[in-house]
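Q: Below you will find the structure I want to go over with you.
What follows draws every value from the coordinates through simple rules; no lab data is involved. Note that the structure is predicted; figures quoted are calculated from it, not measured. A quick note on method: Cβ atoms are made from the backbone with ideal geometry, for glycine too, and the neighbour counts reach across all protein chains shown.
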Amino acid sequence: MDKASAKEPESPRKSRAGRDLPAAIGVGVALGATIILILLFAPRLWYVVVALAFATATWEVTKRLRGGGYDVALWPLIIGGQAMIWSSWPWGTTGILVAFVGTILVIMVWKLLAQGISHAPQNYLRNLAASVFVAAWLPLLASFGVLMVNQDHGAARVATLMIVVVCSDVGGYAAGVLFGKHPMAPAISPKKSWEGLVGSLLVGTTGAVCSVIFLLDNRWWVGLVLGPVLVICATLGDLVESQVKRDLGIKDMGTLLPGHGGIMDRLDSLLPSAFIVWAVLTALL
């Protein structure tokens, strides 16, 4: 066969972020449709979805941290994370706080006795700090995402969270691709630009105002407060995960979601956003 006529196998179409764009869009649409159906017809099932997602995310992050030399307490984190999420159903924020503190106490003892009572633990403070970080970063923040479903217009509050985060991502991606010239944090995430942040603020705030008016049937200015605060926190949440992955020398936390990476790679901006939406809507509605 003539070498000139031989065709190279086509690789999946990549986005500027280096992702398989068709796969990423397909997975995103499927996840979005699933969430919409749950919130419309079985909002309490949201607890099951979040509990399963964060058990998986905890396993992903723990595996990556262990690969980077951090001996993170996996089982206390998974069991304690479930306790934080499920205790918010009957006991609200009090249940979350008690479960979180209880998890930290268990982790302290777990790491102390990891090698038996007759052996001094190695790198105790380092491994304990990493375990506490995971507990606060994943299940603690996630608990506020499920807590909202028990409030008035609970499904609409969760939908508002999802809509504003998606609007922020879409606006940031589009503005970054079309106009991005000034890197925002090149040492942490080289592809993020100030132009992308402006796009996130404009589209995210628009989504917040529309969600507050049409989903929550409330005053437009609540969305005007919620939008910018959420967009900034979502962006910072994304940068936090980017820096964690940079420290560990990895691109993704996992491989479960084609075009996206792992579960945690889809939750990075949602985690701080869940707390912000809960706090702002609880205070202003």
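Q: Give, rounded to the nearest 20 debye, the magnitude of the charge dipole that segment 41-150 has about its Cα centre when Lys and Arg contribute +1 at Cβ and Asp and Glu contribute -1 at Cβ.
A: Working: 6 positive and 2 negative charges, 25 e Å.
Value, rounded to 20: 120 debye.
Q: Something else about it: Whose amide H sits under 5 Å from the amide H of Met253, counting only residues 5 or more places off or on another chain, with H placed in the peptide plane?
A: Gly262, Asp265
Q: Okay, next question. If you rank Lys63, Lys191, Lys245 by fewest surrounding Cβ atoms within 10 Å, what's the result?
A: Numbers: Lys63 15, Lys191 18, Lys245 21.
Arranged by neighbour count, lowest to highest, Lys63, Lys191, Lys245 become Lys63, Lys191, Lys245.
Q: Got a sec to turn the phi values of segment 206-211 into Karplus ³J(HN,Hα) couplings, 6.51 cos²θ - 1.76 cosθ + 1.60 with θ = phi - 60°, whole Hz, x for Gly and Pro?
A: 4, x, 5, 4, 5, 5
Q: Could you pull out every residue, at least 5 positions away or on a different chain, whose amide H is within less than 5 Å of the one on Met184? Hs are placed 1.01 Å off N in the peptide plane, and Pro or chain starts have none.
A: Correct list: Lys192, Ser193, Trp194.
Q: Right, here's the next one. Return the sequence-ordered ³J(HN,Hα) values of segment 43-51 in whole Hz as given by the Karplus equation 6.51 cos²θ - 1.76 cosθ + 1.60 applied to θ = phi - 60°, using x for Gly and Pro.
A: x, 5, 5, 4, 4, 5, 4, 5, 4
Q: Positive end of the dipole of the chain, charges at C-beta (+1 Lys, Arg; -1 Asp, Glu), about the Cα centre: which of Val229, His182, Ile104 has its Cα farthest in that direction?
A: His182
Q: Output wanted: per-residue J couplings in Hz (rounded whole) for segment 70-86, from phi through Karplus 6.51 cos²θ - 1.76 cosθ + 1.60, θ = phi - 60°, x for Gly and Pro.
A: 9, 8, 7, 7, 5, 5, x, 5, 5, 5, x, x, 5, 4, 4, 5, 6
Q: Additional query: Could you state the orientation-averaged shadow area of the convex hull built on the Cα atoms of the chain, in nm² to one decimal?
A: The number I arrive at for the chain is 19.1 nm².
Q: Taking R0 as 25 Å, what's the FRET efficiency between Trp194 and Gln243 from their Cβ-Cβ distance, rounded to 0.05?
A: Efficiency for this residue pair is about 0.85.
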